[in-house]
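First comes the structure, then the notes that go with it.
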Amino acid sequence: MIKIPETLVEQMIRQANEELPNECCGILAGKAAEGIIEIVEIYPMTNIDHSPEHFSLDPKEQLEVYKSVRERGLKVLGNYHSHPATPSRPSREDIRLAFDPAAVYMILSLMTNPPVLKAFHIENGDYREIPMQVI
């Protein structure tokens with residue numbers, strides 16, 4: 001189960017709309033214990049691909065975010081990105097590039113209004129949705 005504050009979801013939606021037509025992306029940070037993943041902070045990142053179909057995090061920004069997360073006593077739990085015109089599920093490219101089966105991959109689809117946010121674990125070329133509660 002993932003818990004994420006509504007304010008962070010709203011922040012993701014704003015970022016995704018501002019970066020249209022391209023995908024937006026960012027890092028998820030928080031705490032995980034006893035099957036509960038709590039997203040405490042999101043870190044919007046630059047999509048260096050500038051593409052509506054895929055994203056790559058800026059490596060310099062990523063290093064700074066990882067330092068900041070550690071300093072705050074949090075953990076990097078995964079990443080998020082938007083799908084401007086496709087559903088909120090991992091694309092073939094998302095699955096191909098997923099390298100950490102423990103990571104949370106959140107995908108925000110702007111295909112509908114309101115946007116749809118879902119979370120996944122991706123492992124061995126397959127994915128499963130993680131239940132999520134917006135608090």
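Please note which helices (runs of 4 or more DSSP H) are completely contained in the range 1-98 and include at least 3 residues that are β-branched (Val, Ile, Thr).
Per the criteria, 6-18.
Considering each residue of the range 53-98, count those that are closer than 17 Å to residue 41 by Cβ and not aliphatic (A, V, I, L, M), and give that number. I'd like the intermediate steps shown before the answer.
Here is the first cut: in the range 53-98, the ones closer than 17 Å to residue 41 by Cβ are 57, 61-81.
Adding the requirement that they be not aliphatic (A, V, I, L, M) leaves 61-62, 64, 66-68, 70-73, 75, 78-81.
Within the range 53-98, residues that are closer than 17 Å to residue 41 by Cβ and not aliphatic (A, V, I, L, M) number 15.
Can you report the number of residues in the range 99-119 which are under 15 Å from residue 16 (Cβ atoms), in a loop (DSSP other than H, G, I, E, B) and touching a strand residue (DSSP E or B) at 6+ places or on another chain (Cβ under 8 Å)?
Looking only at that region, the number is 3.
Picking from 71, 64, which residue would you name as being free of Cβ contacts under 8 Å to residues at least 24 places away in the same chain, over 25 Å from residue 33 (Cβ atoms) and among the charged types (D, E, K, R)?
64
For the subset of the range 82-116 comprising residues that are among the small types (Gly, Ala, Ser) and within 23 Å of residue 30 (Cα to Cα), which member is surrounded by the most Cβ atoms within 10 Å (Cβ to Cβ)?
So in the range 82-116, the residues among the small types (Gly, Ala, Ser) come out as 82, 85, 88, 91, 98, 102-103, 109.
From the residues that got through so far, the ones that are within 23 Å of residue 30 (Cα to Cα) too are 82, 88, 98, 102-103, 109.
Working: 82: 29, 88: 20, 98: 21, 102: 10, 103: 16, 109: 18.
It comes out as 82.
Is it fair to say residue 122 is surrounded by 20 or more Cβ atoms within 10 Å (Cβ to Cβ) and within 15 Å of residue 23 (Cβ to Cβ)?
Numbers: surrounded by 20 or more Cβ atoms within 10 Å (Cβ to Cβ): yes; within 15 Å of residue 23 (Cβ to Cβ): no.
No: the conditions fail for residue 122.
For the range 112-134, how many residues meet the condition of being more than 13 Å from residue 10 (Cα to Cα) and in contact with a Ser or Thr (Cβ under 6 Å, 6 or more places away or on another chain)?
The total comes to 1.
Mind counting the residues in the range 37-71 that are among the aliphatic types (A, V, I, L, M) and either in contact with a Leu (Cβ under 7 Å, 6 or more places away or on another chain) or surrounded by fewer than 14 Cβ atoms within 10 Å (Cβ to Cβ) (or both)? Spell out how you get there, then give the answer.
The first filter runs over the range 37-71 and keeps only residues among the aliphatic types (A, V, I, L, M), leaving 37, 39-40, 42, 45, 48, 57, 63, 65, 69.
Then keep just the ones that are either in contact with a Leu (Cβ under 7 Å, 6 or more places away or on another chain) or surrounded by fewer than 14 Cβ atoms within 10 Å (Cβ to Cβ) (or both); that gives 37, 39-40, 42, 45, 63.
Selection size over the range 37-71: 6.
Here, each number is a calculation from the coordinates, and none is a lab measurement. No experiment lies behind these values; they were computed from the predicted model shown. Cβ coordinates were reconstructed from backbone atoms using ideal geometry, including for glycine residues, and neighbour counts include every protein chain displayed.
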